[in-house]
Amino acid sequence: MPRPRTPSDEIPVEALSEAQARRELARLARLIARHDRLYHAEDRPEISDAAYDALRRRNEAIEKRFPHLTRADSPSRAVGAPPSPAFRKVRHALPMLSLQNAMTLEDVREWLESVRQFLRELQDPRTPIDLACEPKIDGVSCSLRYEAGRLVQAATRGDGQEGEEVTANARTIADIPQRLAGAGWPALLEVRGEVFMTDEDFLRLNEQQERAGGKRFANPRNAAAGSLRQLDPAVTAGRPLHFAAHGWGELSAPLAATQSEAMQRLRGFGFRLCEPAARVRVAGPEAEALRAYYERLEAERSRLGFTIDGIVLKIDRLEWQARLGVVSRSPRWAIAWKFPPERGVTVVEEILCQVGRTGKITPVARLAPIGIGGVLVRRATLHNADEIARKDIRVGDAVVVQRAGDVIPQVVAVLPERRPPESRPFVFPERCPACGSRLVRQEGEADTYCPAGLVCPAQAVERLKHFVSRGAFDIKGLGEKHLTLFYAKGLIRTPPDIFTLEERDGSELAPLSTWEGWGEKSAQNLFAAIRRAREIPLERFIYALGIRQVGEATARLLARRYRTLERWRQSLTAALAPESEERAELLALDGIGPSVAADLLGFFAAEANREVLEALTRPRPDGRPLVTVRPASEGPAAASRLAGKTVVFTGTLQSMTRSEAKARAEALGANVAGSVSRKTDFVVAGPGAGAKEKKARELGIRVIGEEEWLKLSGEG
Ligand code: IVH
């Protein structure tokens, strides 16, 4: 009788034959992948952390004994969990944009004026412009992709470039057609719009949540977002979500010549639109017709049954939209005119001073919690010392607080009649609440700073927070709480420490997995998230450095201009010399004013900053740096003859305005500079060109006329 075979999982590693080891590694790879999925993607682990760790240890021990059997899909090679299958990341074929905001009719007029400035045929203010006007629904945007009339993918906006796939959930929303209605739809059609919840459904959902012991949502938008991003589509199906279309993304054929006609076609395909909509014509400096629409919607606002936070105005003619294009993630052809912020009255319980990453001290009022426009407000910014003094805001005061969209609530005014008799004016601190350094306020400046830089723990932690934040290294699982703890323990003081955390684990302090509140798995998850972040595009790297005034848009601009980290670093280091070419080049960059340039140079002038850069990017003993910075993506523009070239426009152009010419050059990957330097590749000179053309000729730089420019940029 054959002896029963011992299952390979019970054989000690030392006793495994090679064949058994091979089988066992295959089994472990499958098993560990399954538990990873259950844990990360489905939030329902089936085994204890200890049992999971034992599986991984066994896998490693077998690989150590039989290194040649290590599988391509071995758990020891995988960095962390695969993205959650429900929320696979998808790259949008065309970016999902945001909108520039107007608060007043004056802002809207200015915008219209900028449109006229841009498009040559609109220079005469009497030329009429049609605008497609719609309510701005306060929901979450979603892009629906239809191929041959069938819904094949739904994605959230995400960061505008990449969103999360939520197809199964979107299929449960009644307003979203699974198949397009009518006929004549383009073979490929991406419909974009807003997923939202009615106010009544939101209140009912919160009641249900409360009864079931679940979490309450702060407002209808959060409720819609939370309901759309459910791992289980059955949960989404039970939530009363709606969808209203407001535009489109990729298309295989144009829909119409105007926005309003295109929207009507979408209606014909079975979509609900953002309503009540209207087409409004403006001519001359008056924009009264727009005010009428705005006031009408403001009056109807409370009867619509869903939350709107303003109106959206879009240039109706699509050819103009295309030419106006996009600037820094918002189209030039649309604007959101917001309703005035909502207000409420509450009491200031305490005034705290927060230290930001640049050392700026921001006074903040802790308020008796108050609901404003469906959101519970507990804090309001007080901006700076002058603002507190001007409004004479004191602890104990009853104050009017306003909240507009996602911005931090503000204190508008104090109600003096309700001031307690014993109240005293607020005294701004003289010392930093975090490190005790004496605070400084420069002559003529409104803000007060802690001068201690990285020596101040609050600033150091704020910088680290910024470094790992979403637009930067985006390291999930390394939040404020952890950074503060690691900082206090001395484990992470500067950005490079983040990336050496794993290799130092256990050498300075007890291993992270033994800390209270941590386990082997949470420690491994954190290390995996950090490992995943070790490759980053240049623009995000620059943004992560937290240089004063260098936000995402400026970081993108710099990345596009300098392309590689090495070039950026070398050029800016060289630009520290006042008379250098590199300094001139930096100052000539369109979009970088003298004050931003000064902050950039200030960053490079500080040795501590140069050291951080060096430590992050210098090759280590294994030949790899802590962080690999990918050159700026060249995008479709890379192929153009203008890519990477520096162009200066001077004089008048006949066929288009200077703004349009500049926008087109940028879209083709060129850098448009305001002044001529040795780095200029060519100058486009029209009639009336003067000093710039002269300088270009002196420097031997190519000067071309408008016709040649049109050829180069693809017209004519
Ligand atoms: S048009 C080109 N129209 O507002 C940008 N957006 O603050 C496309 N939104 O991300 C937007 N109602 O999700 C447009 N009638 C409407 C809208 C609307 C709500 C959202 C949209 C966008 C956000 C920008």
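Taking the criterion of being part of a loop (DSSP other than H, G, I, E, B), modelled with pLDDT of 95 or more and in contact with a Leu (Cβ under 8 Å, 6 or more places away or on another chain), would at least one residue in region 224-240 satisfy it? No; the residues of region 224-240 include none that is part of a loop (DSSP other than H, G, I, E, B), modelled with pLDDT of 95 or more and in contact with a Leu (Cβ under 8 Å, 6 or more places away or on another chain). Can you work out which of the residues in region 246-258 that are assigned to a loop (DSSP other than H, G, I, E, B) and closer than 21 Å to His92 by Cα is most open to solvent (accessible area, probe 1.4 Å)? Checked region 246-258; the qualifying residue most open to solvent (accessible area, probe 1.4 Å) is Pro254.
Selection of first residues in region 129-151 that are on the phi > 0 side of the Ramachandran plot and of second residues that are in a strand (DSSP E or B) and surrounded by fewer than 21 Cβ atoms within 10 Å (Cβ to Cβ), restricted to Cβ pairs under 9 Å at least 6 apart or on distinct chains, gives the following pairs, ordered by first then second residue: Ala148/Leu188; Gly149/Arg179.
Okay, residues lined up against (1) farther than 20 Å from Gln354 by Cβ; (2) assigned to a loop (DSSP other than H, G, I, E, B); (3) modelled with pLDDT under 95; (4) among the charged types (D, E, K, R):
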{"residue": "Ala413", "(1), (2), (3), (4)": "yes, no, yes, no"}
{"residue": "Glu417", "(1), (2), (3), (4)": "yes, no, yes, yes"}
{"residue": "Phe426", "(1), (2), (3), (4)": "no, yes, no, no"}
{"residue": "Pro433", "(1), (2), (3), (4)": "no, yes, no, no"}
{"residue": "Glu443", "(1), (2), (3), (4)": "yes, yes, yes, yes"}
{"residue": "Pro451", "(1), (2), (3), (4)": "no, yes, yes, no"}
{"residue": "Gly477", "(1), (2), (3), (4)": "yes, yes, yes, no"}
{"residue": "His482", "(1), (2), (3), (4)": "no, no, yes, no"}
{"residue": "Leu485", "(1), (2), (3), (4)": "no, no, yes, no"}
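The combined condition, being open to solvent by 60 Å² or more (accessible area, probe 1.4 Å) and over 26 Å from Arg317 (Cβ atoms), is fulfilled by Glu147. Picking from residues in region 122-146 that are acidic (Asp, Glu) and more than 10 Å from the ligand (Cβ to nearest atom), the one that is nearest to Arg171 (Cα to Cα) is Asp130. Which of the residues belonging to region 147-173 are away from the ligand (no atom under 16 Å from the Cβ), of a type outside the set (Val, Ile, Thr) and out of contact with any strand residue (DSSP E or B) (no Cβ under 8 Å at 6 or more places or on another chain)? Within region 147-173, Ala148, Ala168 meet the criteria.
Please tell me if Gln230 is within 15 Å of the ligand (Cβ to nearest atom) and in contact (Cβ under 8 Å) with a residue 12 or more places away in the chain.
no
For Phe243, the test of being of a type outside the set (A, V, I, L, M), in a strand (DSSP E or B) and either away from the ligand (no atom under 14 Å from the Cβ) or out of contact with any Phe, Trp or Tyr (no Cβ under 7 Å at 6 or more places or on another chain) (or both) is passed. Taken over region 284-304, residues that are buried (at least 17 other Cβ atoms within 10 Å of the Cβ) and of a type outside the set (Phe, Trp, Tyr) amount to 3. Taken over region 195-222, the criterion of being within 16 Å of the ligand (Cβ to nearest atom) and either without any contact (Cβ under 8 Å) to a residue 40 or more places away in the chain or on the phi > 0 side of the Ramachandran plot (or both) is satisfied by Asn222 alone.
Annotation: Glu200 fulfils all but one of (1) part of a strand (DSSP E or B); (2) farther than 30 Å from Ala256 by Cβ; the unmet one is (1). Do you know which residues across region 299-352 are more than 29 Å from Gln410 (Cβ to Cβ) and among the β-branched types (Val, Ile, Thr)? Answer for region 299-352, where residues must be more than 29 Å from Gln410 (Cβ to Cβ) and among the β-branched types (Val, Ile, Thr): Ile315, Val326. Scanning region 326-349 for residues that are more than 11 Å from the ligand (Cβ to nearest atom), open to solvent by less than 50 Å² (accessible area, probe 1.4 Å) and not β-branched (Val, Ile, Thr) yields Trp337, Phe339, Pro341, Gly344. Counting only residues that are in contact (Cβ under 8 Å) with a residue 24 or more places away in the chain and open to solvent by less than 40 Å² (accessible area, probe 1.4 Å), region 359-384 holds 14 of them.
Of all residues in region 365-402, those being in a loop (DSSP other than H, G, I, E, B) and within 21 Å of Ser423 (Cβ to Cβ) number 9. Filtering region 284-319 to residues that are within 23 Å of Gly373 (Cα to Cα), within 12 Å of the ligand (Cβ to nearest atom) and not in a loop (DSSP other than H, G, I, E, B) leaves Leu297, Ile308, Asp309, Gly310, Ile311, Val312. Scanning region 259-283 for residues that are open to solvent by less than 20 Å² (accessible area, probe 1.4 Å) and more than 15 Å from the ligand (Cβ to nearest atom), which turns out nearest to Arg221 (Cα to Cα)? Applying the filter and picking the extreme gives Phe269. Take the conditions (1) open to solvent by 50 Å² or more (accessible area, probe 1.4 Å); (2) within 15 Å of the ligand (Cβ to nearest atom); (3) among the basic types (Lys, Arg); Arg192 misses just one of them, which is (1).
Taking each residue of region 685-707 that is without any contact (Cβ under 8 Å) to a residue 24 or more places away in the chain and looking for partners that are part of a loop (DSSP other than H, G, I, E, B) and surrounded by fewer than 14 Cβ atoms within 10 Å (Cβ to Cβ) with beta-carbon atoms closer than 8 Å, six or more apart or interchain, yields Leu699/Arg678; Glu707/Gly716.
I need the full set of residues from region 84-113 which are within 16 Å of the ligand (Cβ to nearest atom) and part of a strand (DSSP E or B), in order please.
Correct list: Gln100, Asn101, Ala102.
The values are calculated or read from the model by the stated rules, or taken from the named source; none is laboratory data. Nothing here was measured: the structure is a model prediction, and the numbers come from that model. Here the Cβ is made from the backbone with ideal geometry for all residues, glycine too, and neighbour counts use every protein chain on show. Heads up: the accessible areas ignore ligands, DNA and RNA and are worked out on the full protein's heavy atoms, side chains in. Shrake-Rupley method; radii C 1.70, N 1.55, O 1.52, S 1.80 Å.
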